[in-house]
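The values are calculated or read from the model by the stated rules, or taken from the named source; none is laboratory data. Just so it is clear, the model here is predicted, and its values are computed rather than measured. Reconstructed Cβ throughout: ideal geometry from the backbone, glycine too, with neighbour counts over all protein chains shown. For accessibility, only protein heavy atoms count, side chains too; no ligands or nucleic acids. Shrake-Rupley method; radii C 1.70, N 1.55, O 1.52, S 1.80 Å.
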Amino acid sequence: DAVAVMCGDERVSYGELNARANRLARVLVGHGVGPERLVGLALPRSADMVVAVLAVLKAGGAFLPIDTDYPGERIAFMLRDAEPVCVLTTGGVASGLPVWDAGRVLCVDDPAVMAAAESMAEVDLTDQDRSGALLLTGLAYVIYTSGSTGRPKGVSVTHTGLASMAAMYADRFGVGVGSRVLQFASPSFDASVWELMVALLSGAGLVVPDAGSGVDVAGRLASLVQEHSVTHALLVPSVLAGVVPADLASLAVLVVGGEPCAPDVVARWSAGRRMFNAYGPTETTVDALVSDVLVGGVVPPIGRPVWNTRVYVLDGGLRLVAPGVVGELYVG
């Protein structure tokens with residue numbers, strides 16, 4: 001009965017979230033979703049988005065988040081390149097999507113889809129319900145980055161690192177029952193996977209801004225944190241420039257990442273809370289390293305490896321460098 005997801009005035013318990021995800025997963029299985037098969041998610045921020053992510057994973061598939069604010073040309077490229085089995089969206093969003101195979105678009109607010117889901121069993125799926133066995137080495141999600149040339153590049157991430165990532169962060173940051181984790185990142189960025197997994201695999205509550213809240217606006221961010229007594233958040237340092245520590249007083253743990261964090265930001269935001277620096281490429285399940293607790297106005301170190309991850313710093317000739325020497329990061 002504990003609250004799993006909070007979005008606007010909506011509250012979804014863990015029991016309800018699991019049941020809704022199971023029913024939708026069974027609908028997806030019927031549409032050919034299974035291991036190594038992709039499902040596009042073109043959904044606005046909502047509890048339905050969380051349900052859809054879990055449903056795809058329960059069906060054995062992998063999810064492909066699609067930011068509906070992206071230009072149509074980019075979305076069309078992603079759909080052609082990834083070739084998802086289907087796209088989960090809403091009626092309102094579907095009308096604005098690029099021309100695609102309409103037969104493979106499922107609107108979660110379509111009465112027919114809703115009725116099909118309601119008719120399904122709400123118990124957890126097993127491999128007997130899926131088209132194949134769900135393996136640790138199987139695909140979990142695909143995130144499209146800009147790529148080094150500016151051409152979108154799909155990064156495939158397996159289930160292998162998800163448990164290590166979620167367990168280590170929950171342990172390091174003290175996430176558990178009673179915690180409130182902010183879903184700040186856009187679903188099209190891998191930090192959203194961090195937020196969702198750390199929260200829901202720890203019994204915490206996930207605070208999801210509604211579609212029109214615009215969490216990039218400092219005032220709305222402060223309002224969300226205050227309204228829901230958010231205790232844990234992962235933010236890019238530039239976002240902190242528009243707010244003051246007092247605006248986010250309930251934050252017990254602040255994680256920064258995604259861009260360099262200046263010493264003065266550490267000095268201002270580490271007072272009165274535990275602050276960490278996280279770093280890592282998308283290919284290593286969101287992050288590869290996390291620092292110890294940051295203190296004072298120091299330059300944040302890249303930190304220590306995530307559980308079950310090895311990190312090497314190499315020079316230009318791909319040789320290991322001594323501690324303290326500048327090099328390029330390689331994660332294995």
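Before moving on, here are some points about what is shown:
- Check on Asp1, surrounded by fewer than 21 Cβ atoms within 10 Å (Cβ to Cβ), in contact with a Ser or Thr (Cβ under 8 Å, 6 or more places away or on another chain), under 30 Å from Val230 (Cα atoms) and in contact (Cβ under 8 Å) with a residue 24 or more places away in the chain: no
- Filter result (under 13 Å from Gly203 (Cβ atoms) and not charged (D, E, K, R)) within region 169-185: Ala170, Gly174, Val175, Gly176, Val177, Gly178, Ser179, Val181
Here's the yes/no breakdown for (1) among the hydrophobic types (A, V, I, L, M, F, W, C); (2) modelled with pLDDT of 85 or more:
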residue: Gly272; (1), (2): no, yes
residue: Met275; (1), (2): yes, yes
residue: Thr282; (1), (2): no, yes
residue: Val293; (1), (2): yes, yes
residue: Arg304; (1), (2): no, yes
residue: Trp307; (1), (2): yes, yes
residue: Leu318; (1), (2): yes, yes
residue: Tyr330; (1), (2): no, no
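- Among strands (runs of 3 or more DSSP E) entirely within region 238-332, having at least 1 residues that are out of contact with any Ser or Thr (no Cβ under 6 Å at 6 or more places or on another chain) and open to solvent by less than 40 Å² (accessible area, probe 1.4 Å) singles out 253-256, 274-279, 311-314.
- Residues that are modelled with pLDDT of 90 or more and of a type in the set (S, T, N, Q) were ranked within region 217-237; the one that is farthest from Gly203 (Cα to Cα) is Gln226.
- Which listed residue, of Ala55, Ala94, is at negative phi and open to solvent by 20 Å² or more (accessible area, probe 1.4 Å): Ala94
- For Pro111, the test of being within 27 Å of Lys153 (Cβ to Cβ) and either in contact (Cβ under 8 Å) with a residue 40 or more places away in the chain or not hydrophobic (A, V, I, L, M, F, W, C) (or both) is failed.
- In region 58-79, the residues that are open to solvent by 30 Å² or more (accessible area, probe 1.4 Å) and at pLDDT 95 or above: Lys58
- Val225 meets all of the listed conditions (1) of a type in the set (A, V, I, L, M); (2) surrounded by fewer than 20 Cβ atoms within 10 Å (Cβ to Cβ); (3) part of a helix (DSSP H, G or I); (4) in contact (Cβ under 8 Å) with a residue 12 or more places away in the chain but one, namely (2).
- For region 22-36, the set of residues classified as under 20 Å from the mean Cα position of the chain (by Cα) and among the small types (Gly, Ala, Ser) consists of Ala25 only.
- Hits in region 89-108 (condition: in contact (Cβ under 8 Å) with a residue 24 or more places away in the chain, of a type in the set (Val, Ile, Thr) and outside any helix (DSSP H, G or I)): Thr89, Thr90, Val108
- Selection count, region 228-237, where residues are of a type outside the set (Gly, Ala, Ser) and part of a strand (DSSP E or B): 3
- Given (1) touching a residue at least 60 places away in the same chain (Cβ under 8 Å); (2) basic (Lys, Arg); (3) touching a helix residue (DSSP H, G or I) at 6+ places or on another chain (Cβ under 9 Å), index of the condition Arg172 fails: (3)
- Considering residues of region 204-216 that are surrounded by 15 or more Cβ atoms within 10 Å (Cβ to Cβ) and farther than 25 Å from Ser291 by Cβ only, the residue modelled with the lowest pLDDT: Ser213
- Residue match in region 11-20 (condition: among the hydroxyl-bearing types (Ser, Thr, Tyr), in contact with a Leu (Cβ under 9 Å, 6 or more places away or on another chain) and modelled with pLDDT of 95 or more): yes
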